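Below is one structure, written out as structure tokens; the observations come after it.
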Amino acid sequence: MAHAVFDETEFSRPNHAVHWIIGLCVAVFFVQETVVNQELVQSALGYASGDLGRRQLWKVFTYMFVHGNFVHLALNMITFWIFGPRVERAWGSTTFTWFYLWCGLGGWFFHYMFGGQGVLIGASAAILGVAVAYASRWPDEEVLLFAMVPMKVKFFVGFMVAINLVMTYVDHAAQGGTAWAAHLGGIVAGYIYMRLPSAQSFSRFSRRIAPAPEYGDEPPRAVPKTSSRPRERDVDDIVAQSKAAVARVRPTAASPSAVAPVVSANAVDAVLDKIAAEGLGSLTPAERLVLEEMSRKLRDR
């Protein structure tokens, strides 16, 4: 049994898929305990050897919503609630639902390939696949194993892999009991999904949950220094906004300062850097004339 340790705000948003899956599992268990005979429900929804030959294909999915007893249901649902909500918020409900079914299908496939006996029921395979997805994104989050032993999620998943590998080998011929091969199949299906190029990659995962966009080591500049073509557009935009101010402060024709200045690249750089640092309103009349002259030269090329 595991218990996650992280900020309570992780549960501040709804998780529709998790709620529906838990609700469906509880509803099926309630029906089999009160309305319909338990053996009948498990026979109709659980997977047994030979069901493929009888074309009862729906059972490869429905088995993961049926549980044998209350302890079986409670342990699975608590574990699912620990790992499921955060993964669903990162991926979205639709993708999460398909992933859950995919891991459950992987559990059935391993049960089938290893010749599992008895009726396959329970959500354990799908839930362990969800735990793999959780560990792939938050490997250093802590859980409390058996509500007592603190353990990082990546070690918890590794522990579950080891147990299921050993028990699949030791217990593969057992009649009924725990479906260890199915557990292992859910883990493998989750791992494969996380590694597929078309699946939820780590970059897409982080884009959905990142609080802010990622930047490189170099901080962004408001006015770039190295590119000439974007600078031409910056000059035109700035001059268009400042013509009225230039007109108010333009010297008379007789004034010596009215002569068009000789505009150098360094002068324009200095003016643009000043705009980036202090704003357009900080320019002197002479600096505004430099911008206008540079804009005129660019247009006349």
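Every read-out reported here was derived from the displayed coordinates using simple, explicitly stated rules and does not represent laboratory data. The shown structure was predicted, so the numbers you read here are calculated from the model rather than taken from an experiment. Virtual Cβ from ideal backbone geometry, glycine too; neighbours counted across all protein chains shown.
List 275, 187 from most exposed to least, where exposure is judged by having the fewest other Cβ atoms within 10 Å. Working shown, then result.
Working: 275 19, 187 24.
Ordered from fewest to most neighbouring Cβ atoms within 10 Å, 275, 187 come out as 275, 187.
So if we plug the beta-carbon distance of residue 296 and residue 266 into 1/(1 + (r/R0)^6) with R0 = 22 Å, what FRET efficiency do we get, rounded to 0.05?
Values: r = 18 Å, r/R0 = 0.84.
Efficiency, rounded to the nearest 0.05: 0.75.
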Applied in sequence order to segment 267-279, the curve 6.51 cos²θ - 1.76 cosθ + 1.60 (Karplus, θ = phi - 60°) yields integer Hz couplings, x standing for Gly and Pro, of 5, 5, 4, 5, 5, 5, 5, 5, 4, 4, 7, 10, x
In nm, the gap between the two label points placed 7 Å beyond Cα toward Cβ at residue 286 and residue 49 is 9.6
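Run through segment 11-115 and list the chymotrypsin sites (Phe, Trp or Tyr not before Pro) located in a DSSP loop whose Cβ has at most 14 other Cβ atoms within 10 Å. Working shown, then result.
Values: sites: 11, 20, 29, 30, 47, 58, 61, 63, 65, 70, 80, 81, 83, 91, 96, 98, 99, 100, 102, 108, 109, 110, 112, 114; in loops: 58, 114.
Those satisfying the criteria are 58.
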